[in-house]
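The structure appears right after this line, and notes come after that.
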Amino acid sequence: MVRFAAGERSAIGFHDIPEHRNGAPAQSRSELGTPLSSGCIRQWVGDAKALWAFASVGTTVVVAD
């Protein structure tokens with residue numbers, strides 16, 4: 001799993017979709033954007049990599065509905 005998270009006070013991060021032990025994704029691509037985690041922002045692998053390349057550590061991120 002691609003994980004891009006940094007911080008001292010929070011476990012919230014941006015990462016790709018986690019996989020179950022059998023290798024199956026924990027959610028489908030069509031479910032991205034729905035509340036299925038404990039607060040992390042889940043992304044498709046390519047999107048997670050693009051965000052990491054775009055935003056340096058410390059970049060303010062605003063998540064809005």
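Structure values in brief
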quantity	calculated
Whole-Hz ³J(HN,Hα) from phi, Karplus 6.51 cos²θ - 1.76 cosθ + 1.60, for segment 26-43, glycine and proline x	6, 8, 8, 4, 5, 8, 4, x, 10, x, 10, 10, 8, x, 5, 9, 8, 9
Distant-in-sequence amide H partners of GLY13 (H built 1.01 Å from N, under 5 Å)	CYS40, ILE41
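Values quoted throughout were computed directly from the atomic coordinates according to the rules given, and no laboratory measurement underlies them. Nothing here was measured: the structure is a model prediction, and the numbers come from that model.
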